[in-house]
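The block underneath contains the structure these notes are about, expressed in structure tokens.
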Amino acid sequence: MALKKLVAGNWKMNGRLADLPEIQAIAAAAISHGDVDVALGLPATLIAPACAAAPGFAIGGQDCHWAASGAHTGCLSVDMLKEAGASFVIVGHSERRTDNHETSLDVRQKAEAAMAGGLLAIICVGETEAQRDAGDAVSVVTEQVRASLPVTAAGGAVAIAYEPVWAIGTGRTPSAADVAEMHAAIRAELKSLLGQEGENIRILYGGSVKASNAAELLHIADVDGALVGGASLKAADFIPIISAAKR
Ligand code: PGA
């Protein structure tokens, strides 16, 4: 059975209080697209104001620490994100794997902390261009899934976001055949790790999703939604992507 699609925005280091009307417009569109789950991963400073401005809409963070508290300057715990109003958190985004040297073990610990606290963890994986050119994309990504996924992962608690590093913010996307191959490989990996529960975990595609390519990407087998960066910042760009997810 097809899983309900999730279209999640990732605002990265963008967004100020002046952007709350964009969030409200996206939240209003989410209500009128009830057959699609819609969510926005915001900078931590905007989580509480966005939750106040758009009650009931799914707002999340873009990273968390695995510890509950302690000497981790600049980091946020799962409980802090929850207190601000978050219902999910993105972990292991390639920008954090690169800029902050996060390993798949780090990512798994963050996902475990999110699960334990009741936040949906969106776990990001993806190959570099050099890895794809070398023919290693599927093996690299399935290894990242194996190493990043909590052993107790379940459909309601985690989602995977397949984001080829070379497709993020570049305007380039893999072919539909390459997306289908990768999502099938991730599905097979999830089933081998978790058995039947592997069928229940949503696998999102991310990397240069926009209104003009969303319908094609979102209706490839085993693509259960999208993680959208640049095109999620404005309601006018993001709402057509939500619409494209509808059956
Ligand atoms: P993009 O970013 O849609 O701007 O390519 C996607 C992401 O990094 O999550």
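Among the listed pairs 82/246; 82/210; 110/246; 4/246, give every one whose C-alpha distance is greater than 20 Å.
Beyond 20 Å between Cα atoms: 82/246; 82/210; 110/246.
Within 10 Å, Cβ to Cβ, of residue 150, how many net charges do the neighbouring residues add up to if Lys/Arg are +1 and Asp/Glu are -1?
+1
Would you mind computing, in nm to one decimal, how far apart the modelled labels at residue 52 and residue 175 are, each placed 7 Å from Cα along Cα→Cβ?
5.2 nm
Roughly how big is segment 5-244's charge dipole about its Cα centre, with Cβ charges of +1 (Lys, Arg) and -1 (Asp, Glu), in debye to the nearest 20?
About 380 debye.
I want the local charge near residue 204. Using Cβ-Cβ distances under 11 Å, sum +1 for each Lys or Arg and -1 for each Asp or Glu among the other residues.
-2
Net charge around residue 113, counting only other residues with Cβ within less than 14 Å of its Cβ (Lys, Arg = +1; Asp, Glu = -1)?
The answer is -2.
Rounded to whole Å, give me the distance from the Cα center of segment 189-240 to that of segment 48-69.
Comparing the Cα centres of segment 189-240 and segment 48-69, I get a distance of 21 Å.
Between residue 199 and residue 83, what is 0.36 nm times their sequence separation minus the Cα-Cα distance? Round to one decimal in nm.
38.6 nm
Under the 0.36 nm per residue contour assumption, what length would be gained going from the current alpha-carbon distance of residue 154 and residue 184 to full extension?
Length gained, residue 154 through residue 184: 9.0 nm.
Return the calculated 222 nm mean residue ellipticity for the chain, to the nearest 500 deg cm²/dmol, obtained by summing -39500 (n - 2.57) across DSSP H runs with n ≥ 4 and dividing by the residue count.
Rounded to the nearest 500, it is -12500 deg cm²/dmol.
Can you bin segment 13-68 into rounded, prolate or oblate? Criterion: square roots of the alpha carbon gyration tensor eigenvalues sorted a ≥ b ≥ c, rounded for a/c under 1.5, prolate for a/b above b/c, oblate for the rest.
oblate
Counting only protein chains, not ligands or nucleic acids, how are 80, 182 ordered by accessible area (probe 1.4 Å), most first?
80, 182
How far apart, in nm, are the 7 Å Cα→Cβ label points at residue 24 and residue 2?
The answer from the label model is 3.3 nm.
The values are calculated or read from the model by the stated rules, or taken from the named source; none is laboratory data. Computed from a prediction, not measured in an experiment: that's the story for all the values here. Here the Cβ is made from the backbone with ideal geometry for all residues, glycine too, and neighbour counts use every protein chain on show. Just so you know, the surface numbers come from the protein's heavy atoms only, side chains and all, with ligands and any DNA or RNA stripped out. Shrake-Rupley method; radii C 1.70, N 1.55, O 1.52, S 1.80 Å.
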